[in-house]
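Novice: Got a structure for you, questions after.
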Amino acid sequence: MAKPVMSRLLAAAALGLPLVATPTAASAQPAAPPAALAGRSGASSDLPALSSVIPAPVEVTQFAGTTFRLGPATIIRTQPGSPESRAVGERFARELRPATGYKLPVVPVSPRFVPTIALLLGADDARLGDEGYRMSVGAASITVRANKPAGLYAGTRTLLQLLPKEIDSPTPVRRVWRIAGGSIVDYPRYAYRGAFLDEARHFHTPDEIKAYVDEISRFKVNYLHLHLSDDQGWRIQIDSWPKLTTVSGGAGTGVDGEGPGFLTKDQYREIVAYAAARYVTIVPEIDMPGHVNAAQVAYPELTCDGVAPPPRTDTEVGYSSLCIGSETTYRFVEDVIRELAAMTPGLYLHVGGDEAHATPEADYIAFEQRVLPLVAKYGKTAYGWNEITKAPAASAAVAQYWNTDTTNPTVAAAVTRGTKVVMSPANQAYLDMKYDPSTPLGLSWAGYIEVRTAYDWEPATRLAGVGESAILGVEAPLWSETLRSLDDIEFMAFPRLAGIAELGWSPASTHDWASFSARLGAYGPRWTLRDVNFYPSPQITWAQ
Ligand code: NGO
């Protein structure tokens, strides 16, 4: 199905236009804008090449000498009769207006001769799936076509990066806004491309979560996993067990006595809707049977001796366990899962399962054999840390691989029974690891993770026996023992999250550190313009 690309190539050739053909993914190099462009079209030398996008698109074909000019008369046209497409167009227009100062009306039909960015459904191309898109940039118009609105949204994320960096300025910038001519065919390698935020160790407010959603979705990340309970605090309202939040979401429940904080159901639903509008699905996590001290502080009946443990605000792990033989435990777990499932439209519900060192192995398996099917009872797919693969019931679940080893026979065996895996190896994908010994934030138990370490690994060969077909995707956990503010979150997430996002979206054939690091270096000023904190890694040559 290289047809659209070919026809554009032929059309350009027929017009006698010089071609800069990069027909395969492997050629997604950070090409400098053709020199001829600058003089002839008036485009400035900072016109981003079509191949400069993060994550690297599947196929890129750039036409030298053709550019689209976004001007005061440009309109955005969206698929008639599709409110979702219109919403994508409206959002895109809102993103373009502050820097350009243009009106950019969003309409279902465009008059002739008016420069148009068209966001249209009906791509009729199975390769694109639900999230892919096809884009052609000509002198008079840009057309993005997709099978589903999610693909149109992805296309607009690409267009934002193809505009000059000043597009991210919050105030008007007087300049010419051009986009390089050519075509892109693009779709994700993996269905699941996740980011993660630990709400339990330090609570992050709804506004901070939303700001993170905005930033991750720019890199086509489509899931945000929220870790909502741990030994220190409980961060989501559960009506049938109200003390979880009145007691364990209160003052002093964060690490080192910080806090308070929890999400009300209304706040949670609002975050879910905000993320959904950006094609990000929220995955809630309640950690069990370990990491439950905060629940037991609020409800002593969740311990085997009925005695409330003291609240904990240190960062020890592996000391708490639900009482596996008690029916109260399963009443609690089912209530929590039921209420959580009812406010979560996404498919996945994460039930933790990590580091249950205070739960004997046989008890752990018995617990997971009861709990994993409970998630299915409420219409969700169970998701848990890789320890859940010890339980046969995990064959219908998704396991998140977080260990550092390259072999794990238990996970490999589960894969043969049908378990799907999300790859988050802690020594590569954990965004809470320090970059190097001088990083002021973060931990180092899994090692130091510079940008190259976060990017330079291959999900389908990382873990023995867990190949491409077993992998649902990748996720970048960001635990918050040391992170308090949004600035802290951003400093640890960026730029590494961009690397993990590329591993999740781009074909393996595009994987190339030289290309990625050059594209990242060019991207830096965009974070600066949006006032997003990031670590200026010495591995990258940052553009000003
Ligand atoms: C581990 C642990 C978490 C810590 C994190 C810190 C998992 C799955 N359990 O990862 O409780 O916060 O490391 O890096």
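Novice: Tell me whether the range 42-186 comes out rounded, prolate or oblate; compute the Cα gyration tensor, take square roots of the eigenvalues as a ≥ b ≥ c, and use a/c under 1.5 as the rounded threshold.
Specialist: oblate
Novice: Shifting gears a bit: Name the residues whose placed amide hydrogens come within less than 5 Å of the amide hydrogen of residue 263, ignoring near sequence neighbours (fewer than 5 apart) on the same chain.
Specialist: Under 5 Å from the amide H of residue 263 lie the amide H atoms of 236, 237, each far enough along the sequence or on another chain.
Novice: Let me ask something else. Residue by residue through the range 414-431, which ³J(HN,Hα) values in whole Hz follow from phi under the Karplus form 6.51 cos²θ - 1.76 cosθ + 1.60 (θ = phi - 60°), with glycine and proline marked x?
Specialist: Each residue of the range 414-431 in turn: 4, 4, 5, 9, x, 4, 9, 10, 9, 8, 9, x, 4, 7, 10, 9, 7, 7 Hz.
Novice: Any chance you could tell me what percent of the C-alpha pair distances in the chain go past 45 Å?
Specialist: 17 percent
Novice: Next question, about the same structure. Taking the 0 to 90 degree range and rounding to the nearest ten, how far is the long axis of helix 265-276 tilted relative to the main principal axis of the chain, both from C-alpha atoms?
Specialist: 30 degrees
Novice: At a 10 angstrom cut-off on C-beta neighbours, averaged per residue, how do the peptides 238-247, 487-496 rank from highest to lowest?
Specialist: Highest to lowest by the protection proxy: 487-496, 238-247.
Novice: Which lysines, if any, have their Cα less than 20 Å from the Cα of residue 220, not counting same-chain residues under 8 positions apart?
Specialist: 148, 165, 210
Novice: Projected onto the charge dipole of the range 42-186 (+1 at Lys/Arg Cβ, -1 at Asp/Glu Cβ, origin at the Cα centre), which of 133, 101, 170 gives the Cα projection farthest towards the positive end?
Specialist: Farthest along the dipole direction, towards plus: 101.
Novice: Here is a follow-up. Across the range 209-215, in residue order, what do the Karplus-derived ³J(HN,Hα) couplings come to in whole Hz, using 6.51 cos²θ - 1.76 cosθ + 1.60 with θ = phi - 60° and x for Gly and Pro?
Specialist: 5, 5, 4, 5, 4, 4, 6
Novice: Hey, if you drop one equal point scatterer on each alpha-carbon of the range 192-507 and run the Debye formula without solvent, what base-10 log of I(q)/I(0) do you get at q = 0.10, 0.11, 0.15 Å⁻¹?
Specialist: Reported log10 I(q)/I(0), two decimals: -0.50, -0.61, -1.24.
Novice: Now for a separate question. Would you mind computing, in nm to one decimal, how far apart the modelled labels at residue 307 and residue 416 are, each placed 7 Å from Cα along Cα→Cβ?
Specialist: Each label point lies 7 Å from its Cα, and together they span 4.6 nm.
Novice: Now for a separate question. Could you work out [θ]222 nm for the chain from helices alone, using -39500 (n - 2.57) per DSSP H run of at least four and dividing by all its residues? Round to the nearest 500 deg cm²/dmol.
Specialist: So the calculated ellipticity at 222 nm is -9500 deg cm²/dmol.
Novice: Let me ask you something else. Arranged by the count of other C-beta atoms within 10 angstrom, fewest first, what order do 511, 291, 204 take?
Specialist: Neighbour counts put them in this order, fewest first: 511, 204, 291.
Novice: Still on this model: Note down the relative contact order for the range 42-186 as a percent, whole number, built from C-alpha pairs under 8 angstrom at least six residues apart.
Specialist: Computed value for the range 42-186: 36 percent relative contact order.
Novice: Of the listed peptides 174-183, 110-119, 50-59, what is their order by residue-averaged count of other C-beta atoms within 10 Å, with the highest listed first?
Specialist: Result, highest mean first: 50-59, 174-183, 110-119.
Novice: Subtract the Cα-Cα distance of residue 458 and residue 436 from 0.36 nm times their separation in residues, and report this length gain in nm to one decimal.
Specialist: So the chain would gain 5.7 nm between residue 458 and residue 436.
Novice: OK, next. Amide H of residue 78: which non-local residues (sequence gap of 5 or more, or other chain) have their own amide H closer than 5 Å, using H built in the peptide plane?
Specialist: Here 107, 119 satisfy the definition.
Novice: Find which of 263, 418, 187 sits farthest along the positive direction of the dipole of the chain, computed with +1 on the beta-carbon of Lys and Arg, -1 on that of Asp and Glu, about the Cα centre.
Specialist: Value: 187.
Novice: Enumerate the calculated ³J(HN,Hα) couplings along the range 448-456 in order (Karplus 6.51 cos²θ - 1.76 cosθ + 1.60, θ = phi - 60°), each rounded to whole Hz, writing x wherever the residue is Gly or Pro.
Specialist: Rounded to whole hertz, the list is 8, 10, 6, 4, 5, 5, 5, 8, 8.
Novice: Still on this structure, I have one more. How about residue 243: which aspartates and glutamates have a C-alpha closer than 13 Å to its C-alpha, ignoring those fewer than 8 places off in the same chain?
Specialist: Counting by Cα, and skipping residues close in sequence, residue 243 has these aspartates and glutamates nearby: 301.
Novice: Among 301-311, 430-440, what's the highest-first ranking by average C-beta atoms within 10 angstrom per residue?
Specialist: 430-440, 301-311
Novice: Lys/Arg Cβ at +1, Asp/Glu Cβ at -1, dipole of the chain taken about the Cα centre: which of 249, 527, 67 is farthest positive-ward?
Specialist: Checking the options against the dipole of the chain, the answer is 67.
Novice: Moving to a separate point now. Where the only charges are on Cβ atoms (+1 Lys, Arg; -1 Asp, Glu), what is the dipole of the range 192-507 about its Cα centre, to the nearest 20 debye?
Specialist: 960 debye
Novice: How much length, in nm to one decimal, is gained on full extension between residue 330 and residue 362, taken as 0.36 nm per residue of separation minus their Cα-Cα distance?
Specialist: Full extension of this stretch gives 9.9 nm more.
Novice: Using the Cα centre of the chain as the reference point, and only Cβ charges (+1 on K/R, -1 on D/E), how large is the resulting charge dipole? Debye, rounded to the nearest 20.
Specialist: Roughly 3160 debye for the chain.
Novice: Please arrange 274, 190 by counting, for each residue, the other beta carbons lying within 10 Å of its beta carbon, fewest first.
Specialist: Fewest-to-most Cβ neighbours within 10 Å comes out as 274, 190.
Novice: What FRET efficiency comes out for the pair residue 107/residue 127, r = Cβ-Cβ distance, R0 = 45 Å, nearest 0.05?
Specialist: 0.95
Novice: Nothing charged except the Cβ atoms of Lys and Arg (+1) and of Asp and Glu (-1): what's the magnitude of the dipole of the range 236-332 about its Cα centre? Round to the nearest 20 debye.
Specialist: Its charge dipole is roughly 300 debye.
Every number in this text was worked out from the coordinates using simple rules, so none of it is lab data. It should be emphasised that the depicted structure is a prediction, and the values quoted were computed from it without experimental measurement. Counting neighbours? That spans all protein chains shown, and the Cβs are built from the backbone with ideal geometry, glycine included.
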